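In what follows, a single structure is set out as structure tokens and then discussed.
The values are calculated or read from the model by the stated rules, or taken from the named source; none is laboratory data. Not measured: the values here are computed from a predicted model. Cβ: placed from backbone, ideal geometry, glycine included. Neighbour counts: every protein chain shown. In case anyone asks, the SASA skips ligands and DNA or RNA and just uses the protein heavy atoms, side chains included. Shrake-Rupley method; radii C 1.70, N 1.55, O 1.52, S 1.80 Å.
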Amino acid sequence: MQQADSIGRLIAQGRQQLRAGDSAALDAEVLLAFVLGVDRAWCYAHSDDPVRANLACDYRSLLGKRAAGFPISYLTGCKEFWSMELKVDRHTLIPRPETECLVETALELIPERAALDVLDLGTGSGAIAVAVAKERPRCRVTAVDIMAETLAVARDNAARHGLSYIRFLQSDWFEALPGDVFDIILCNPPYVASGYRGLAEDEIRHEPRIALDGGYQGLAAIRQLIPASLRHIKPGGYLVLEHGGDQTRSVRELLVVNHFSGCGTRRDYAGRDRVSYARR
Ligand code: GLN
């Protein structure tokens, strides 16, 4: 009878198979731990343990997909954001660490015990809405997305974190919110320029194009959103937008032209401009 593969051997094989990627060892460990339903530390402590053939087979199938460029988060179905585990699938953008900078900005603008009306426009996995609702439980958070499948994931994430009171609506930007006004609107719009070659790269090409492709100069959605948001922000309320590092000037000009004031811009952890906000 053939001897079962051990955890250590399977990880070594995976690392070998994924060696073209810069996170080969980590990816192999994450995938095996996922298939076994354990964490990576457990794998280290049990590297001589045998792995059942059907599980080894599942693992090899995931390795094949990873080697073909599938993002690791779509294979495991989850991604950590704001120290919470969020479900993701191919209908949602994979939340990026830089979007935590938008959450931080929002939390600075929302006093701790305030009960404000907050909108997350284009919520995707629900990352922003869930993080803000968790940190500011008195706020009334609404989250919209154009895609029903995406919204289902966001709802699931809210429920998993005990935040089912977030109001979810399917909406093409403000379309389903004709008369609604908010104290603060948060948005991570698509802002990658259509022609950007990176959109074709492995890590990105499996993600929903609609969540990334911001048209000409990556500013098409932002150009539409800034004026449209005016009717939905209470006087004195805020608009907070994520954008690319080279878009700061354009975004701030658009905010000023649309009579927003008190513009500010924050850098992400990599030191690049990433979030701009302004008051109506
Ligand atoms: N930060 C993302 C990236 O660079 C872009 C996200 C977006 O367009 N909203 O891949």
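For the condition within 30 Å of residue 16 (Cβ to Cβ) and open to solvent by less than 30 Å² (accessible area, probe 1.4 Å), what is the one hit in 103, 118, 88?
So the residue among 103, 118, 88 that is within 30 Å of residue 16 (Cβ to Cβ) and open to solvent by less than 30 Å² (accessible area, probe 1.4 Å) is 88.
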Worksheet item: Does the range 176-194 include one or more residues that are under 28 Å from residue 116 (Cα atoms) and without any contact (Cβ under 8 Å) to a residue 24 or more places away in the chain?
Response: yes
Discussion item. Looking only at the range 195-216, filter to residues that are at pLDDT 95 or above and in contact with a strand residue (DSSP E or B) (Cβ under 7 Å, 6 or more places away or on another chain); which one of those is nearest to residue 148 (Cα to Cα)?
Written reply: 212
Worksheet item: Counting only residues that are in a loop (DSSP other than H, G, I, E, B) and out of contact with any Asp or Glu (no Cβ under 8 Å at 6 or more places or on another chain), how many does the range 183-222 have?
Response: 11
Item to complete: Collect the residues in the range 243-280 that are surrounded by 19 or more Cβ atoms within 10 Å (Cβ to Cβ), touching a residue at least 60 places away in the same chain (Cβ under 8 Å) and assigned to a strand (DSSP E or B), keeping them in residue-number order.
Response: 274, 275, 277
Worksheet item: So which helices (runs of 4 or more DSSP H) are wholly in the range 29-146 and hold at least 1 residues that are of a type in the set (A, V, I, L, M) and touching an Asp or Glu at 6+ places or on another chain (Cβ under 9 Å)?
Response: 53-67, 72-76, 99-109, 127-135
Response to the item:
Within the range 33-50, the count of residues that are surrounded by 13 or more Cβ atoms within 10 Å (Cβ to Cβ) and in contact with a Ser or Thr (Cβ under 7 Å, 6 or more places away or on another chain) comes to 4
Worksheet item: Can you name every residue in the range 153-175 that is free of Cβ contacts under 8 Å to residues at least 60 places away in the same chain and part of a helix (DSSP H, G or I)?
Response: 155, 158, 159
Worksheet item: Can residue 213 be described as within 11 Å of the ligand (Cβ to nearest atom) and in contact with a Cys (Cβ under 7 Å, 6 or more places away or on another chain)?
Response: no
Worksheet item: Quick one: how many residues across the range 51-77 are of a type in the set (A, V, I, L, M, F, W, C), open to solvent by less than 50 Å² (accessible area, probe 1.4 Å) and within 13 Å of residue 10 (Cβ to Cβ)?
Response: 5
Worksheet item: In the range 174-202, which residues are open to solvent by 40 Å² or more (accessible area, probe 1.4 Å), within 13 Å of the ligand (Cβ to nearest atom) and either of a type outside the set (A, V, I, L, M) or closer than 17 Å to residue 128 by Cα (or both)?
Response: 194, 196, 197, 201, 202
Discussion item. Return the pair list, or none, for Cβ contacts closer than 8 Å from residues in the range 109-126 that are farther than 15 Å from residue 207 by Cα to residues that are open to solvent by less than 10 Å² (accessible area, probe 1.4 Å) and of a type in the set (Phe, Trp, Tyr), at least 6 apart or on different chains.
Written reply: 116/182; 117/182; 118/182; 119/182
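So, of the residues in the range 93-122 that are away from the ligand (no atom under 12 Å from the Cβ) and of a type in the set (Val, Ile, Thr), which turns out to be nearest to residue 147 (Cα to Cα)?
Result: 118.
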Discussion item. Being away from the ligand (no atom under 16 Å from the Cβ), over 19 Å from residue 32 (Cα atoms) and in contact (Cβ under 8 Å) with a residue 12 or more places away in the chain is the filter here; which residues of the range 46-88 pass it?
Written reply: 84
Response to the item:
Within the range 26-50, residues being of a type in the set (Val, Ile, Thr) and farther than 14 Å from residue 14 by Cα number 1
